[in-house]
1. Restricting to segment 180-214, name every residue that is touching a strand residue (DSSP E or B) at 6+ places or on another chain (Cβ under 7 Å) and among the basic types (Lys, Arg).
2. Kindly indicate whether any position in segment 276-285 is at pLDDT below 95, open to solvent by 40 Å² or more (accessible area, probe 1.4 Å) and not in a helix (DSSP H, G or I).
3. For segment 334-356, give me each residue that is farther than 30 Å from Phe279 by Cα and open to solvent by less than 20 Å² (accessible area, probe 1.4 Å).
4. Of the residues Val246, Val250, which is within 22 Å of Phe289 (Cα to Cα) and in contact with a Leu (Cβ under 9 Å, 6 or more places away or on another chain)?
5. If I ask for residues that are part of a loop (DSSP other than H, G, I, E, B) and either out of contact with any strand residue (DSSP E or B) (no Cβ under 7 Å at 6 or more places or on another chain) or within 10 Å of the ligand (Cβ to nearest atom) (or both), which ones from segment 132-146 would you list?
6. Those residues that are assigned to a loop (DSSP other than H, G, I, E, B), among the small types (Gly, Ala, Ser) and crowded, with 16+ Cβ neighbours inside 10 Å, I need them from segment 46-83; list them, please.
7. Tell me, which residue of segment 255-271 that is more than 13 Å from the ligand (Cβ to nearest atom) and over 28 Å from Cys122 (Cβ atoms) is surrounded by the fewest Cβ atoms within 10 Å (Cβ to Cβ)?
8. Give the residues of segment 124-134 that are over 19 Å from His290 (Cα atoms) and either in contact with a Leu (Cβ under 8 Å, 6 or more places away or on another chain) or not acidic (Asp, Glu) (or both), sorted by residue number.
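The values are calculated or read from the model by the stated rules, or taken from the named source; none is laboratory data. What you see is a predicted model; the values in this text were computed from it and never measured. Cβ placement follows ideal geometry from the backbone for every residue including glycine, while neighbour counts extend to all protein chains displayed. Surface areas here come from the heavy atoms of the whole protein model, side chains and all, with no ligands, DNA or RNA. Shrake-Rupley method; radii C 1.70, N 1.55, O 1.52, S 1.80 Å.
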Amino acid sequence: MRDLRDWIARLERDGELARVGARVDPRLEITEIADRMAKSGGPALLFTDVEGADMPVLINQFGTERRMCAALGTDSLDALGARVESLMDLQPPQGVVAKVRALGRLRELASFSSKLVREGTCQEVWLDEPDLDRLPILTCWPDDGGPFITLPLVFSRDPTTGARNCGMYRIQKLDRRTALMHWQIHKDGAAHLRDSQGRVPVAVAIGTHPATTYSASAPLPPGIDEMIFAGFLRGRSVEMVRCRTVDLEVPAESEVVLEGYVDATDLRPEGPFGDHTGFYTPVDDYPTFHLTGMSMRRDAIYATTIVGPPPMEDFQLGKATERIFLPLIRMTLPDLVDMNLPLEGVFHNCALVSVRKRYPGHAKKLMSAIWGLGLLSLSRCVVVVDHDVDVQDVSAVAFQAFSNVDAGRDMLVVEGPVDALDHAAPYFAYGSKVGFDATRKWPGEGVVRPWPDPIVMSDEVRRLVDRRWAEYGLRAAPQEGTSGPRRTR
Ligand SMILES: Cc1cc2nc3c(=O)[nH]c(=O)nc-3n(C[C@H](O)[C@H](O)[C@H](O)COP(=O)(O)O)c2cc1C
């Protein structure tokens with residue numbers, strides 16, 4: 001698979017894509033259709049007759065876990081996490097076979113770097129007059145401040161080091177050549193602008209190989225090139241082509257490319273926008289993006305998404321990040337067993353984690369570590385359970401939290417940065433966060449009375465009942481009783 005078109009062909013072959021030939025309105029109507037598909041596990045949609053546009057619209061390409069895995073070329077997201085982990089295996093190889101294998105891995109790593117090529121299909125059509133009106137940009141929700149480009153790969157450079165960054169930040173169209181760049185205060189693109197002389201060159205790619213698109217949303221540390229990560233996911237390097245009006249490169253196979261600069265001295269009100277929190281993000285000032293060039297493929301396809309009350313397509317992108325990055329987090333927090341950023345928490349609002357507890361206060365240490373870690377630091381509520389509770393089972397976590405927490409002893413409230421979209425915080429991007437230690441309490445963790453054992457039936461009686469089930473004349477044969485929370489690990 002080389003590009004978005006190969007991906008669309010693959011989706012179609014697998015029965016994962018529906019073509020919609022009926023004329024549809026990019027204002028609200030596509031949202032309502034895509035929302036119904038996202039909420040029901042429906043297919044990706046290719047709208048071929050979009051009002052006011054001569055370009056088809058692709059949406060919901062990442063809408064299910066199955067499609068997310070296919071996009072990243074893996075059978076399971078955890079398997080991909082394990083691949084990432086094996087890359088980080090820094091043990092010196094023992095013996096000839098291990099050394100040869102380590103060399104192979106190094107060669108594989110080197111092959112992921114992006115490759116500069118002279119020509120790219122993304123420049124097949126060069127527009128002498130860059131014009132955002134050429135794109136079928138969706139107005140997603142009734143109270144949105146305008147049309148928004150929602151699935152862009154935004155490229156910029158660190159003005160000090162020259163290191164490339166690619167992030168996914170929505171862009172609000174103002175007119176044919178002006179837009180607003182919604183890179184939030186904690187994001188790398190915003191840092192580039194802060195460190196610049198007031199302007200940064202920016203290139204925006206729309207419609208790429210799905211693993212490349214996903215990489216733009218991945219929370220890689222600043223300085224680590226998302227295109228190398230994309231190369232790793234795709235299993236081949238991303239070919240990049242130079243832009244014509246800015247000193248940046250974009251994936252050569254992109255469907256649409258916007259070139260320009262973001263201007264910190266020209267801030268304008270952005271929003272409102274029906275956001276992935278399920279609420280409208282209020283109007284706030286963001287820097288303008290001025291278009292200096294625009295190119296596209298012949299018969300270009302416009303790739304987009306909608307966000308809104310979960311679950312939406314972006315839930316799958318976020319889940320992929322949770323599973324792929326978990327092994328990396330475990331490298332610094334080895335006692336973290338598993339993590340779940342549940343749907344209801346829209347990522348930044350809630351992290352459920354399990355810990356292999358080794359000393360008093362270990363759960364609280366884990367909370368503090370999470371509040372110090374990249375974008376996870378913005379987690380507004382952290383619930384820590386013991387290692388044998390399955391955090392993917394939200395009900396099991398709730399059972400532990402409701403049972404095991406004494407508010408005075410087990411609740412930690414801290415102040416610090418919160419997500420820019422957090423509307424409950426008293427200040428913009430600053431507020432309080434809460435952690436619940438829902439683990440079994442040990443002596444030495446404050447005042448702890450003898451802790452009760454969970455109720456579990458004896459194996460002997462379970463086996464007996466299994467054996468005799470038919471004799472009881474009962475229809476279904478549940479595997480086991482429901483004595484207490486499910487403990488799976
Ligand atoms: C569909 C989608 C839309 C997003 N929109 C924004 C946005 O408008 N602003 C923003 O700062 N982050 C947005 N994000 C999250 C960023 O893409 C994500 O935090 C990414 O890691 C940022 O890259 P960076 O770490 O290089 O800054 C969005 C993510 C997705 C999946």
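1. Lys187, Arg199 - these are the residues of segment 180-214 that are touching a strand residue (DSSP E or B) at 6+ places or on another chain (Cβ under 7 Å) and among the basic types (Lys, Arg).
2. Yes - at least one qualifying residue is present in segment 276-285.
3. Within segment 334-356, the first condition is being farther than 30 Å from Phe279 by Cα, and the residues that meet it are 334-337, 355-356.
Residues satisfying the conditions are Leu336, Val355.
4. On the way: Val246 fails: in contact with a Leu (Cβ under 9 Å, 6 or more places away or on another chain).
Testing whether each residue is within 22 Å of Phe289 (Cα to Cα) and in contact with a Leu (Cβ under 9 Å, 6 or more places away or on another chain) leaves just Val250.
5. Looking only at segment 132-146, we keep the residues that are part of a loop (DSSP other than H, G, I, E, B), and these are 135-137, 140-146.
Matches in segment 132-146: Pro142 only.
6. Residues of segment 46-83 assigned to a loop (DSSP other than H, G, I, E, B): 48-49, 51-56, 60-64, 72-76.
Then keep just the ones that are among the small types (Gly, Ala, Ser); that gives 52-53, 63, 73, 76.
Of everything in segment 46-83, those that are assigned to a loop (DSSP other than H, G, I, E, B), among the small types (Gly, Ala, Ser) and crowded, with 16+ Cβ neighbours inside 10 Å turn out to be Ala53, Gly63.
7. Thr265
8. Residues of segment 124-134 that are over 19 Å from His290 (Cα atoms), as a first pass: 124-125.
Residue satisfying the conditions is Val125 alone.
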